[in-house]
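This report refers to the structure that appears directly beneath it.
The values are calculated or read from the model by the stated rules, or taken from the named source; none is laboratory data. Nothing here was measured: the structure is a model prediction, and the numbers come from that model. Don't worry about glycine lacking a Cβ; one is built from the backbone with ideal geometry, like all the others, and counts go over all protein chains shown. For accessibility, only protein heavy atoms count, side chains too; no ligands or nucleic acids. Shrake-Rupley method; radii C 1.70, N 1.55, O 1.52, S 1.80 Å.
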Amino acid sequence: MALMNGAQYIESLRKLDTKVYLFGEEVKNWVDHPMIRPSIECLAMTYELANDPQYADLMTAKSNLTGKTVNRFSHLHQSTGDLIKKVKMQRLLGQKTASCFQRCVGMDAFNAVFSTTFEIDKKYGTEYHERFKKYLEFVQENDLTVDGAMTDPKGDRGKAPSQQADPDLFLRIVEKRADGIVVRGAKAHQTGSINSHEHLIMPTIAMSEADKAYAVSFAIQSDVPGLFMIYGRQSCDTRKMEENADVDLGNNKFGGQEALVVFDNVFIPNDRVFMCEEYDFAGMLVERFAGYHRQSYGGCKVGVGDVIIGAAALAADYNGAHKASHIKDKLIEMTHLNETLYCCGIACSAEGYPTQAGNYQIDLLLANVCKQNVTRFPYEIVRLAEDIAGGLVVTMPSEKDFKSTVKVESESGMTVGEWCNKFFAAAPGVPTEDRMRILRFLENICLGSAAVGYRTESLHGAGSPQAQRIMIARQGNIEMKKELAKAIVGIKK
Amino acid sequence: MLVGVKFCGGCNPRYDRGKAYEAIKKELAGTAELVIAEEGGEYDFLLVIGGCTNCCASYSQYHAKHGPIKMWDEAHMDDVIKKLKKQEE
Ligand SMILES: Cc1cc2nc3c(=O)[nH]c(=O)nc-3n(C[C@H](O)[C@H](O)[C@H](O)COP(=O)(O)OP(=O)(O)OC[C@H]3O[C@@H](n4cnc5c(N)ncnc54)[C@H](O)[C@@H]3O)c2cc1C
Ligand code: SF4
């Protein structure tokens, strides 16, 4: 099959029988559900732009497996140039959607599983790598979206998987059969899971022998028996359910999505199993996936940041404050922070290296520095955006008020809409609706639905801040730095 | 004269690459035909339209009789047009 476009992708979802629960009920037609649809439209952009010559250079790549042109989201990075283009593609999509476009976790999982299975096979004589290559060819050929699922619910954070009171709190193998395995458990916070044709499962932490039943990696179609999803609420999500919702959404086209994905004794055939009890490789897989995903944020968050900076600058224009020197300086600061994140994304890509399997891995230290900055800078960027925009971001009446023709019982005889438009007019020549739109956009990204992707995901996605600090400590090469200092000051030993 | 056009991926372009393409195409109407480059196609020239100084589009997969002409700034449009017009003469 050739590359799908956005409409074909959306139609392909209708063929799935994925079980989705939202507000305690099963949602049969989730493709058209107003709370879910914006996240589907968002993911559809990864298909749409791949068909546009103005973006195809970033959005597509030549598969090393088949020689065919594939969507870059299902590509195995063949060079540092590919790693750089990945980051650029993510920046582009962030710019075009101002949301989480959900397809990166799958791409990062493909690359991590590809290289790890090669090394498992080398040690144990297993055949995971060949299986995975066949699986990825299938994904590429059908241009599928795959959820890269790592995070378990984890229960008591102080205990290992096998020590949990409820053994299901980490996903595990409950039965090994001649033709496959049966798994049980869940994956939490899964980005784009409902919008994914398939799920690629990985363990969530490094493991010891006692945890070997939890050392499992496999791929599965999203609508198999026993697999279901419970939709994650987002701040202000029910605004999407309001009739003719538009301005108040802030972003009326696109959004992100997370869900709890539950496996209630799901059978996985052998040809889709890529790790089965090789607990000594769980840490490698986690580290590689997390490394790629920490690189990813140096692209996607930057693209969203570009839109936020543009919106803040427009808010200043519309408020009539754009000439103030501190406003200009704040826009400079936002740009500086945003481009610093991009520098990190590009740097860890440019310093990438080939794995034993042949695909390229990012530089781990720089990717962790990238993500550590991502846990901070977007917060400062939205703080500055709120500063520039003013308090109206959180106190503005609704779109319905602005459009209301209801006459207020007062001397002037004006309508609610006329009062709103009178008192929320600012710079000359700027329609109040335009001002509303920009302020609502900023509300959405600073503390509405989109804050899920821009703020909390920046903090916890791909691992909480402390996880990067552990990696930075490991990779920081302090001993070499001590030697440098000794050499400069003349200490011999 | 057939000119294959390859765009960069447009992650942070400093000008509207699509508009630049349309403008060059219009200016060269009757002199050169500009089409989006495809693998396997044979072109007289390849025009690479980048969005910034990095001009990072890959183009080694396309066949053109003469080397690529690259642009990454709106200000390069005149030069591109002149170069292609000169080739036709
Ligand atoms: C919006 C969003 C999207 C996401 N998308 C995906 C996805 O698509 N796929 C996926 O696999 N995952 C995804 N994640 C999950 C993400 O990787 C986790 O949120 C992250 O690893 C943190 O885990 P947690 O949320 O369970 O927090 P916790 O692990 O509970 O962390 C909370 C705090 O406790 C600390 N802590 C936890 N355990 C310990 C310990 N043992 N010792 C010391 N301190 C500890 C942490 O450092 C942190 O400060 C997503 C998360 C978010 C928020
Ligand atoms: S040429 Fe510049 S704008 Fe275009 S994709 Fe490359 S880096 Fe981005």
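Tabulated values for the structure
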item	result
Search result, residues across region A:19-34 that are aliphatic (A, V, I, L, M) and closer than 17 Å to A:Gly255 by Cα	A:Leu22, A:Val31
Unique match (being of a type in the set (Ser, Thr, Tyr), open to solvent by 10 Å² or more (accessible area, probe 1.4 Å) and within 25 Å of A:Arg103 (Cβ to Cβ)) among A:Ser222, A:Ser235	A:Ser235
Selection status of A:Lys96, open to solvent by 30 Å² or more (accessible area, probe 1.4 Å), of a type outside the set (A, V, I, L, M) and within 16 Å of ligand 2 (Cβ to nearest atom)	yes
Residues (under 21 Å from the mean Cα position of the chain (by Cα), of a type in the set (Ser, Thr, Tyr) and more than 14 Å from chain B (Cβ to nearest Cβ)) located in region A:19-59	A:Ser39, A:Tyr47
Matching residues, region A:182-210, being surrounded by fewer than 24 Cβ atoms within 10 Å (Cβ to Cβ) and away from ligand 1 (no atom under 14 Å from the Cβ)	A:Val182, A:Arg184, A:His197, A:Ser208, A:Glu209, A:Ala210
Condition check for A:Asp108: crowded, with 18+ Cβ neighbours inside 10 Å, free of Cβ contacts under 8 Å to residues at least 24 places away in the same chain, charged (D, E, K, R) and in contact with a helix residue (DSSP H, G or I) (Cβ under 8 Å, 6 or more places away or on another chain)	no
Helices (runs of 4 or more DSSP H) (entirely within region A:402-469) containing at least 2 residues that are away from ligand 1 (no atom under 16 Å from the Cβ)	A:416-423, A:432-447
Condition met for B:Ala37 (surrounded by 13 or more Cβ atoms within 10 Å (Cβ to Cβ), within 14 Å of chain A (Cβ to nearest Cβ) and in contact (Cβ under 8 Å) with a residue 40 or more places away in the chain)	no
Count - residues of region A:455-492 that are basic (Lys, Arg) and touching a residue at least 60 places away in the same chain (Cβ under 8 Å)	2
For A:Asn244: the one exception among (1) in contact (Cβ under 8 Å) with a residue 40 or more places away in the chain; (2) more than 16 Å from ligand 1 (Cβ to nearest atom); (3) not hydrophobic (A, V, I, L, M, F, W, C)	(1)
Matching residues, region B:2-34, being within 8 Å of chain A (Cβ to nearest Cβ) and either of a type in the set (Gly, Ala, Ser) or in a loop (DSSP other than H, G, I, E, B) (or both)	B:Cys8, B:Gly9, B:Gly10, B:Cys11, B:Asn12, B:Gly18
Residue in region B:49-62 that is touching a His at 6+ places or on another chain (Cβ under 6 Å) and either within 11 Å of chain A (Cβ to nearest Cβ) or in contact (Cβ under 8 Å) with a residue 24 or more places away in the chain (or both) present	no
Filtered residues of region A:271-308 (kept if surrounded by fewer than 24 Cβ atoms within 10 Å (Cβ to Cβ) and either among the polar types (S, T, N, Q) or within 14 Å of chain B (Cβ to nearest Cβ) (or both))	A:Asp306, A:Val307
Among the residues listed as A:Tyr279, A:Tyr231, the single one being among the hydroxyl-bearing types (Ser, Thr, Tyr) and within 30 Å of A:His77 (Cβ to Cβ)	A:Tyr279
Condition check for A:Ser39: away from ligand 2 (no atom under 16 Å from the Cβ) and surrounded by 24 or more Cβ atoms within 10 Å (Cβ to Cβ)	yes
Positions within region A:70-93 being away from ligand 2 (no atom under 16 Å from the Cβ) and out of contact with any Asp or Glu (no Cβ under 8 Å at 6 or more places or on another chain), in sequence order	A:Phe73, A:Leu76, A:His77, A:Gln78
Subset tally (residues that are surrounded by fewer than 18 Cβ atoms within 10 Å (Cβ to Cβ) and touching a Leu at 6+ places or on another chain (Cβ under 7 Å)) for region B:69-84	1
First in region A:263-281 and closer than 18 Å to A:Gly185 by Cβ, second anywhere and buried (at least 22 other Cβ atoms within 10 Å of the Cβ) and of a type in the set (Ser, Thr, Tyr), Cβ under 6 Å, 6 or more apart	A:Phe274/A:Thr117; A:Phe274/A:Tyr128; A:Phe274/A:Ser217; A:Met275/A:Ser217
Some residue of region A:117-128 being over 22 Å from A:Arg294 (Cα atoms), aliphatic (A, V, I, L, M) and part of a loop (DSSP other than H, G, I, E, B)	no
Residues of region A:1-34 satisfying the condition of being surrounded by fewer than 16 Cβ atoms within 10 Å (Cβ to Cβ) and under 30 Å from A:Gly67 (Cα atoms)	A:Met1, A:Ala2, A:Ala7, A:Glu11, A:Arg14, A:Lys15
Checklist (1) open to solvent by less than 50 Å² (accessible area, probe 1.4 Å); (2) within 16 Å of ligand 2 (Cβ to nearest atom) applied to B:Lys19, failing item	(1)
Residue among A:Gly67, A:Gly81 that alone is among the small types (Gly, Ala, Ser), over 19 Å from the mean Cα position of the chain (by Cα), within 10 Å of another protein chain (Cβ to nearest Cβ) and open to solvent by 20 Å² or more (accessible area, probe 1.4 Å)	A:Gly81
A:Gln90, sole failed condition from (1) within 14 Å of chain B (Cβ to nearest Cβ); (2) over 30 Å from A:Gln8 (Cβ atoms)	(2)
